[in-house]
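Participant: Below is one structure. I have some questions about it.
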Amino acid sequence: MTAAAAPQQDQYRLAVILGSVREGRFVTTVGEWFARQAGRRDDVKLDVIDLARPDEGGRGFGERIGAADAVVVVVPEYNHSFPGELKKAIDSLKPEWRAKPVGFVSYGGRGGGLRAVEQLRLVFAELHAPTVRETVSFHDAWQEFGPGGEPRRAGEAARAATALLDQLAWWALTLRRGREERPYPV
């Protein structure tokens, strides 16, 4: 999708950020699964942003986030928090985040990445980006996903993704309309 390509009235532009750049990272497995879930929907125009290659297609990270109506961050939990490269990417922008909803797909050990999500909610609140309540979380993710990149409890995971995407759609379309009608106050 180019920045000039506008979605249909009932579609929203969703940027999915793969939030880890570590060698041997698992974020691609989880992120690709979520992208498949989002890609099945008629209301989503998808842009997957891999922080290991944020400028794919000749468009920079800021331009891609700026063009999005909503963002989902796929985030691992590292040491009870989120990756430093993700924080660096988030902090590199400011107006691009304003009044855009953010959702989370997290993974990790027993905590399923939820400690990282709770900390990210604070970061996005400061950037005036509301976070949606529904979250997809994979506990013991390395055992949860089979060799084909699908979760062992596929139905449960798909229902969680649908709930997240349904909530995100409402916020994305509502806030896009709001931004078009009245600029967000700085």
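Participant: Checking the condition of a type in the set (Phe, Trp, Tyr) and more than 21 Å from Glu23 (Cα to Cα), which residue from Phe34, Phe124, Phe82 passes?
Facilitator: Working: Phe34 fails: more than 21 Å from Glu23 (Cα to Cα); Phe82 fails: more than 21 Å from Glu23 (Cα to Cα).
Result of the check over Phe34, Phe124, Phe82: Phe124.
Participant: Ala52 fails exactly one of the following numbered conditions: (1) open to solvent by 20 Å² or more (accessible area, probe 1.4 Å); (2) within 20 Å of Ala163 (Cα to Cα); (3) part of a loop (DSSP other than H, G, I, E, B). What is the number of that condition?
Facilitator: For Ala52, the failing item is (2).
Participant: If the Cβ limit is 7 Å and pairs must be 6+ apart or interchain, which residue in the range 30-49 that is open to solvent by 20 Å² or more (accessible area, probe 1.4 Å) pairs with which residue that is of a type in the set (D, E, K, R)?
Facilitator: Here the result reads Asp43/Asp10; Lys45/Arg13; Asp47/Arg13; Asp47/Arg64, each pair linking the range 30-49 to a residue that is of a type in the set (D, E, K, R).
Participant: Restricting attention to the range 93-121, which residues are open to solvent by 10 Å² or more (accessible area, probe 1.4 Å) and outside any loop (DSSP other than H, G, I, E, B)?
Facilitator: Leu114, Arg115, Glu118, Gln119, Arg121
Participant: Pick from the range 4-24 the residues that are open to solvent by less than 50 Å² (accessible area, probe 1.4 Å) and in a loop (DSSP other than H, G, I, E, B): which of them is modelled with the lowest pLDDT?
Facilitator: Filtering the range 4-24 down to residues open to solvent by less than 50 Å² (accessible area, probe 1.4 Å) leaves 5, 7, 11-20.
Cutting the leftovers down to in a loop (DSSP other than H, G, I, E, B) gives us 5, 7, 11, 19-20.
Numbers: Ala5: 59, Pro7: 65, Gln11: 96, Gly19: 97, Ser20: 97.
This residue is Ala5.
Participant: Where the second residue is of a type in the set (Lys, Arg) and the first is farther than 29 Å from Trp170 by Cα and lies in the range 120-149, which pairs have Cβ atoms under 7 Å and are six or more apart or on separate chains?
Facilitator: Correct list of pairs: Asp140/Arg110; Glu144/Arg152; Gly146/Arg152.
The values are calculated or read from the model by the stated rules, or taken from the named source; none is laboratory data. Values in this document were obtained by computation on a predicted structure and should not be read as measured data. Backbone-built Cβ (ideal geometry, glycine too); neighbour counts: all protein chains shown. We work out accessible area using only protein heavy atoms, side chains counted, and drop any ligands, DNA or RNA first. Shrake-Rupley method; radii C 1.70, N 1.55, O 1.52, S 1.80 Å.
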